[in-house]
Amino acid sequence: MQIIGKDKVIYSFSQKNPPVYEVADGETFWVETDDCYNGQIKDEKTLRTDIDISIMDCAVGPIAVAGAQKGDILKIDIIAIQTADYGVMVTKKGMGILGDDVVTPDTKIIPIKDGFAYITSEIRIPLTPMMGVLGVYPRDDEDIHCAIPGDHGANMDTKLVRVGSSVYFPVFKEGAGIALGDLHACMGDGELDGTGIEIAGRVCLKVTVIKGHMINRPIIETKEGFYFMASREDIHDAIHVAVKDTVDFLMRKKSIPFTIAYRLLSATCDIQISELVNDTLTVRVHVPKLDLQIDSLF
């Protein structure tokens with residue numbers, strides 16, 4: 001099985017970045033990644049204010065997928081996530097929702113052992129590993145820093161990008177141009193203090209090119225439901241985009257008019273927050289498979 005190393009990275013998603021790796025349609029492979037700080041924090045003496053933030057959230061790639069063409073859909077199945085034996089969480093003034101309450105910068109190294117993250121020696125929480133950054137080439141003229149989410153994915157910081165999920169992306173350029181990073185050992189919705197448990201590791205992915213269908217933004221599928229993603233600077237704009245995509249999907253999938261689809265949305269679907277701490281915010285609409293008797297995206 002191919003193992004893609006973490007030595008070739010990008011700092012922004014752009015079609016100007018040539019692919020540095022290639023995988024086949026249907027291939028399963030591993031990708032190694034550093035944490036979001038690019039390995040700069042190794043002890044609690046190193047503060048967020050000490051590091052080079054220009055190289056934060058870099059992503060391994062781009063990875064070309066053979067046969068992927070503009071207008072296709074790329075499905076990425078997340079098979080496994082393996083983490084390093086420690087993660088890190090930092091705080092500084094202004095960081096996170098309560099950032100104004102932070103007095104001084106602080107770094108915490110968090111040991112990972114036997115399936116748990118040790119916040120303190122007495123407090124441990126079960127691991128819920130996920131990827132913060134996963135995306136593809138953006139539209140033609142866009143050049144978007146890896147820390148910023150968009151219609152191409154990237155730093156969606158969505159805890160559902162985890163083992164067992166499938167993430168569907170629109171293909172904006174031949175090869176798709178996958179790039180990924182920013183692993184978390186644990187992270188809650190909103191990433192409310194500005195970080196999850198940031199960690200290095202590696203992920204196992206399977207890619208599939210889907211022809212004959214189109215989407216405008218990432219969609220996540222779990223065993224239980226579909227999640228229509230949207231990232232915008234204004235949260236109301238993000239909600240509007242995600243809701244509109246969901247209603248369009250329900251109209252098409254159920255062969256129903258707008259008024260019925262709109263009612264179905266309101267009766268069964270949930271708006272959920274993925275992250276709130278970037279300048280560009282990410283939300284998702286949850287579509288329950290069982291309630292709506294929908295078992296496939298297409």
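Before moving on, here are some points about what is shown:
- Region 1-36, residues that are of a type in the set (A, V, I, L, M) and under 17 Å from the mean Cα position of the chain (by Cα): Val9, Ile10, Val31
- Beta carbons closer than 9 Å, at least 6 apart along the sequence or on distinct chains, pair a first residue in region 135-149 that is closer than 22 Å to Val277 by Cα with a second that is of a type in the set (D, E, K, R) and part of a strand (DSSP E or B) for Cys146/Asp182; Ala147/Asp182; Pro149/Glu275.
- Candidate set: region 112-171, residues that are within 29 Å of Ala238 (Cα to Cα) and of a type in the set (Phe, Trp, Tyr); chosen: the one surrounded by the fewest Cβ atoms within 10 Å (Cβ to Cβ): Tyr168
- Flag if Val161 is under 22 Å from Glu275 (Cα atoms) and under 19 Å from the mean Cα position of the chain (by Cα): yes
- Residue pairs meeting the criteria (Cβ under 9 Å; at least 6 apart or on separate chains; first surrounded by fewer than 18 Cβ atoms within 10 Å (Cβ to Cβ) and modelled with pLDDT of 95 or more, in region 277-293; second assigned to a strand (DSSP E or B) and of a type in the set (A, V, I, L, M, F, W, C)): Pro288/Phe226; Lys289/Phe226
- Condition check for Ile73: in contact with a Phe, Trp or Tyr (Cβ under 7 Å, 6 or more places away or on another chain) and under 19 Å from Lys206 (Cβ atoms): yes
- Consider region 272-298 and keep the residues that are of a type in the set (Asp, Glu) and farther than 20 Å from Val247 by Cβ. The one that is nearest to the chain's Cα centre (by Cα) is Glu275.
- Number of the condition not met by Met95 [criteria: (1) within 24 Å of Thr282 (Cβ to Cβ); (2) out of contact with any helix residue (DSSP H, G or I) (no Cβ under 9 Å at 6 or more places or on another chain); (3) surrounded by fewer than 22 Cβ atoms within 10 Å (Cβ to Cβ); (4) touching a residue at least 24 places away in the same chain (Cβ under 8 Å)]: (2)
- Strands (runs of 3 or more DSSP E) (entirely within region 111-182) containing at least 3 residues that are over 28 Å from Lys211 (Cβ atoms) and in contact with a Lys or Arg (Cβ under 9 Å, 6 or more places away or on another chain): 116-118
- Residue within region 225-233 that is over 27 Å from Asp25 (Cα atoms), in contact (Cβ under 8 Å) with a residue 60 or more places away in the chain and not acidic (Asp, Glu) present: yes
The values are calculated or read from the model by the stated rules, or taken from the named source; none is laboratory data. Because the structure is predicted, anything quoted here is derived from the model rather than measured. For neighbour counting, all protein chains shown are included, and Cβ atoms are generated from backbone atoms with ideal geometry for every residue, glycine included.
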